[in-house]
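FYI, it's all coordinate maths here, none of it is from the lab. No experiment lies behind these values; they were computed from the predicted model shown. Here the Cβ positions follow ideal geometry from the backbone for every residue, glycine too, while neighbour counts run over all protein chains shown.
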Amino acid sequence: MWTLLPGRARRRVAALREEIATHGLDAARAQALGDALEAAGRLLEAVEALTEANRLRPTAAVERRLVRLRRRAFAELVRAAAAPAWRPPEAPSAAWPGDLPQAVDAADLTVEVLREGMRRHGCVWVRGLLPPMRVDRLRDAIDRAFAAREAVLAGRRTPETAAWYDPVERVPKDASRHWVRAGQGLLTADSPRAFFELMETLRAVRLDRLVTAYLRERPAVSVEKGTLRRADATLHQSTWHQDGAFLGAGIRTVNTWLALSRCGRDAPGLDVVPVRLDRVLPPGEPGTYFAWTVSSETIARELPGAPIWRPEFEPGDALLFDHLLLHRTAAEPDMPGVRYAIESWFFAPSVYPRGATPLVV
């Protein structure tokens, strides 16, 4: 992209819009518009134009650029955001409502359904959120991203591997990549092509609009809290935790946990305490290994009678929840299958967690 003075950039944007209106949109015009919008400092609009350019003619260079541009555009999003009058879903009068979450068909998922599910159980289980074609594309993206990472780490970087694995620079918690890899995962934003595929999928099923309506702000994800997962039974069962224990107070979130294979019975899944909580339970008490985890004794004391629920996901299912839900990885030694999944945390920009690396949605 060339550099233009602001006035020339604005004129270039206007001229390109006129050209597109007259002659139609193609990949070259969309990319030129994205260049001009970025030069004019209109980064959110540049994201949209370059996204359209990549739909019309996918290239590794544009996909890589989009990840970095979404990061820079966050400042523009924050300037435009005003904290809305938003109240979290109120917890029911009883600690546990007495029933388990029931699956909601994707066609019936609305912001009201999401809010009621959060209020009652702290989560919403959605059947068939992703169509089979999208599931297949995302599974293939995970395989390609994992293979590219291993090739790059082995010193075999090529243009093809760079399309699928090109780590985001200057991530404050860069050491987290080691732990993510050890947990059979890969940061989604480190794979520009997989990240683009995921963003297109969320747009196609209108999940981006649902989360925006729920949070009442255009959301941002984070580099550190977006993960491609391909896990087998060697993944040990994790400890109970609430992500709010380390994300900070006052945030607003929706986590979308997308199942891309059957999991929860023959492959690792999730264990959940299906109770709406209005606080972070005391972490780090005796019986825990990390300071942010919650012991079984703490759960029994704080939530007497609350069950442990292990949903059995089909490919394309999703679990939506926020930073207060108690959950852990459900992995048993005798599970023969491999779990494909993608986890993406969406945050309201006006109360974005400190220390995270934002990418606008």
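The table that follows gives values for the structure above.
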quantity	calculated
Long-range Cα-Cα pairs in region 160-199 (distance over 17 Å), rounded percent	31
Anisotropy class of region 303-347 from Cα gyration tensor, a/c 1.5 cut	oblate
Formal net charge of residues neighbouring Ala341 (Cβ-Cβ distance under 9 Å; K, R +1; D, E -1)	+2
Calculated [θ] (222 nm, deg cm²/dmol) that DSSP helices of n ≥ 4 give over the chain, each run adding -39,500 (n - 2.57)	-12000 deg cm²/dmol
Share of alpha-carbon pairs per 10 Å distance bin for region 19-149, given as whole %	10, 22, 24, 29, 11, 3, 0
Value of Rg to Rh for region 208-349 (Rh from inverse mean 1/r over Cα pairs, i.e. Kirkwood)	0.96
Neighbour-count order for Thr110, Thr201, Thr239, fewest beta carbons within 10 angstrom listed first	Thr110, Thr239, Thr201
Sparse-neighbourhood loop sites, GluC sites (Glu not before Pro) in region 155-262 - DSSP loop, at most 15 other Cβ within 10 angstrom	Glu169
Cα-only Debye scattering, region 139-245: base-10 log of I(q)/I(0) at q = 0.12, 0.21, 0.22, 0.23 Å⁻¹	-0.48, -1.23, -1.29, -1.33
Loop sites in region 15-103: GluC sites (Glu not before Pro), DSSP, at most 12 other Cβ within 10 Å	Glu90
Residue of Arg17, Arg177, Arg139 that the Gaussian network model of the chain assigns the largest fluctuation, springs spanning Cα pairs under 10 Å	Arg17
For Thr22, Thr188, Thr253, order by how many other beta-carbon atoms lie within 10 Å, fewest first	Thr22, Thr253, Thr188
Per-residue ³J(HN,Hα) for region 294-305, Karplus 6.51 cos²θ - 1.76 cosθ + 1.60, θ = phi - 60°, Hz, x for Gly and Pro	10, 7, 4, 5, 5, 5, 4, 6, 7, 10, x, x
Size of electric dipole in the chain: Cβ of Lys, Arg +1 and of Asp, Glu -1, about Cα centre, debye, nearest 20	1280
Where trypsin sites (Lys or Arg not before Pro) fall in DSSP loop in region 222-285, at most 15 other Cβ within 10 Å	Arg265, Arg279
Mean separation of Cα contacts under 8 Å (6+ apart) over length of region 160-299, as relative contact order %	21
Residue order, fewest to most surrounding Cβ atoms within 10 angstrom, among Ile308, Ile342	Ile308, Ile342
Calculated from backbone phi, Karplus (6.51, -1.76, 1.60) coupling profile of region 40-55 in Hz, x at Gly/Pro	7, x, 9, 6, 4, 5, 5, 4, 5, 5, 6, 4, 5, 4, 6, 4
Full-stretch length increase - Arg55, Met133 - with 0.36 nm per residue and alpha-carbon distance subtracted	26.4 nm
Volume in Å³ per residue [convex hull over Cα atoms, computed for the chain]	147
Kirkwood estimate for region 6-80, i.e. one over the average of 1/r between Cα atoms, Å	12.3
Karplus (6.51, -1.76, 1.60) ³J(HN,Hα), θ = phi - 60°, over region 319-326, in Hz, Gly and Pro reported as x	10, 10, 7, 10, 6, 9, 6, 7
